[in-house]
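Enquirer: The structure is given below, and queries will be raised subsequently.
The values are calculated or read from the model by the stated rules, or taken from the named source; none is laboratory data. A quick note: this is a predicted structure, and the numbers were derived from the prediction, not measured. Glycine gets a Cβ as well: all are built from the backbone with ideal geometry, and neighbour counts include every protein chain shown. Ligands, DNA and RNA are excluded from the accessible area calculation, which covers all protein heavy atoms including side chains. Shrake-Rupley method; radii C 1.70, N 1.55, O 1.52, S 1.80 Å.
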Amino acid sequence: MSVDTEVPLRISVSNCLALLAPNITAIKDYRWTGSDQDQFWEFFKRSMLVRQFEAAQAVVDWGETGHAHFGVTLLRPAYEEMLWATYLEKHSDKAPKIALLLSSRETSETLEAQNQFIGAKAMQQHGFTQKYLKQRDALTRPQLAELRAIGKQLGWRNDEPPGAAFLARQVGKEREYNFVYQATSRFVHFSGHELGRRVWGRRGSVKIGSDQFAAFWSDFALYWSFRILIETANVLREVFSDYEIDVGSMRDGMMENIGKMYPIPIITKAELESW
């Protein structure tokens, strides 16, 4: 991608999102016939695209108030969604069942965590009787067994749902995954490197604040929030097939704006130099 220093990255991303907006609005309305349980993968695909679009729009909006650098926190789930989308499209025969079973597994884990933390009395105040929880658990157990059986067929470690690193290897994105995760890990977890980036000055006198790297991380969040969205949309492009969307015009408009963007590095020479 070429660098265009005259067009701010935020404007390029904003222009692209404006082109995408009618298409995202269209896929929010989904109707089907047949079993509800067969639709979970269709739900997931549309939810991924809608959430990623909203996240990219949030980064653009935050840029107007000088807070776009916090958009880096939105990249991790978006990237994992893109990996899952790519992986499940490779196993499209199993994708609807995996989506259903993953949802059931995570719902069960969330209920258990809440039950353990707030206790039976508080759970009942929220409408969850212990009888209900036991019934739910009995329903979930065979689903978990079915998910493990699918995992065994697909080579999941310990037959458990795989992590992002496994998915990245399976879909040929290991190098990109390592790059994105190296960057986002430093931002969303404890990191001496990230804390140090907020300390600038000279020996004996420094100023501390996020403003030193705000512009750097803002561009990173803008670039990757949009790139992940486009990659996910490309993988899941069939969701647009039921709508009257001018794919050609959308693609041409995208390419004009993408040409004005450029990849953002995750470390700079300046931060390695001594005071």
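Enquirer: Hey, can you tell me all the residues within the range 68-99 that are outside any helix (DSSP H, G or I) and free of Cβ contacts under 8 Å to residues at least 60 places away in the same chain?
Expert: The first filter runs over the range 68-99 and keeps only residues outside any helix (DSSP H, G or I), leaving 91-94.
Hits for the range 68-99 are SER92, ASP93.
Enquirer: From GLU244, GLU256, which residue is modelled with pLDDT under 80, part of a helix (DSSP H, G or I) and either open to solvent by 50 Å² or more (accessible area, probe 1.4 Å) or touching a Pro at 6+ places or on another chain (Cβ under 7 Å) (or both)?
Expert: Matching residue, one of GLU244, GLU256: GLU256.
Enquirer: I'm checking my understanding of the structure. Among residues of the range 17-73 that are closer than 19 Å to ILE230 by Cα and of a type in the set (D, E, K, R), which one is surrounded by the fewest Cβ atoms within 10 Å (Cβ to Cβ)?
Expert: Among those residues, the one meeting the criterion is LYS28.
Enquirer: Does the range 113-131 hold any residues that are part of a helix (DSSP H, G or I) and open to solvent by 90 Å² or more (accessible area, probe 1.4 Å), and which are they? Steps first, please.
Expert: Of the residues in the range 113-131, the ones part of a helix (DSSP H, G or I) are 113-125, 130-131.
Those that are part of a helix (DSSP H, G or I) and open to solvent by 90 Å² or more (accessible area, probe 1.4 Å): GLN116, PHE117, LYS121, GLN124, GLN125, LYS131.
Enquirer: Pairs please, first residue from the range 145-171 and within 23 Å of TYR79 (Cβ to Cβ), second anywhere and among the acidic types (Asp, Glu) and open to solvent by less than 40 Å² (accessible area, probe 1.4 Å), Cβ atoms under 9 Å, 6+ apart in sequence or on different chains.
Expert: Going by the 9 Å Cβ cut-off, the qualifying pairs are ALA168/GLU176.
Enquirer: Take ALA18 and decide whether it is hydrophobic (A, V, I, L, M, F, W, C), farther than 14 Å from LEU222 by Cα, in a helix (DSSP H, G or I) and free of Cβ contacts under 8 Å to residues at least 24 places away in the same chain.
Expert: Numbers: hydrophobic (A, V, I, L, M, F, W, C): yes; farther than 14 Å from LEU222 by Cα: yes; in a helix (DSSP H, G or I): yes; free of Cβ contacts under 8 Å to residues at least 24 places away in the same chain: yes.
Yes; evaluated as a whole, the condition is true for this residue.
Enquirer: Then there is this: At pLDDT below 95, within 22 Å of THR232 (Cα to Cα), out of contact with any Gly (no Cβ under 9 Å at 6 or more places or on another chain) and exposed (fewer than 15 other Cβ atoms within 10 Å of the Cβ), is that true of SER191? Let's see the steps before the verdict.
Expert: On the way: at pLDDT below 95: yes; within 22 Å of THR232 (Cα to Cα): no; out of contact with any Gly (no Cβ under 9 Å at 6 or more places or on another chain): yes; exposed (fewer than 15 other Cβ atoms within 10 Å of the Cβ): yes.
No, not satisfied.
Enquirer: Out of all the residues in the range 198-209, is one or more closer than 15 Å to LEU75 by Cα, without any contact (Cβ under 8 Å) to a residue 24 or more places away in the chain and open to solvent by less than 50 Å² (accessible area, probe 1.4 Å)? Walk me through how you get there before you give the answer.
Expert: Here is the first cut: in the range 198-209, the ones closer than 15 Å to LEU75 by Cα are none.
There is no residue in the range 198-209 that is closer than 15 Å to LEU75 by Cα, without any contact (Cβ under 8 Å) to a residue 24 or more places away in the chain and open to solvent by less than 50 Å² (accessible area, probe 1.4 Å).
Enquirer: Considering only the range 138-173, state which residues are charged (D, E, K, R) and either open to solvent by 70 Å² or more (accessible area, probe 1.4 Å) or touching a Cys at 6+ places or on another chain (Cβ under 9 Å) (or both). Spell out the reasoning first.
Expert: Of the residues in the range 138-173, the ones charged (D, E, K, R) are 141, 146, 148, 152, 157, 159-160, 169, 173.
The answer is ARG141, GLU146, ARG148, LYS152, ARG157, ARG169.
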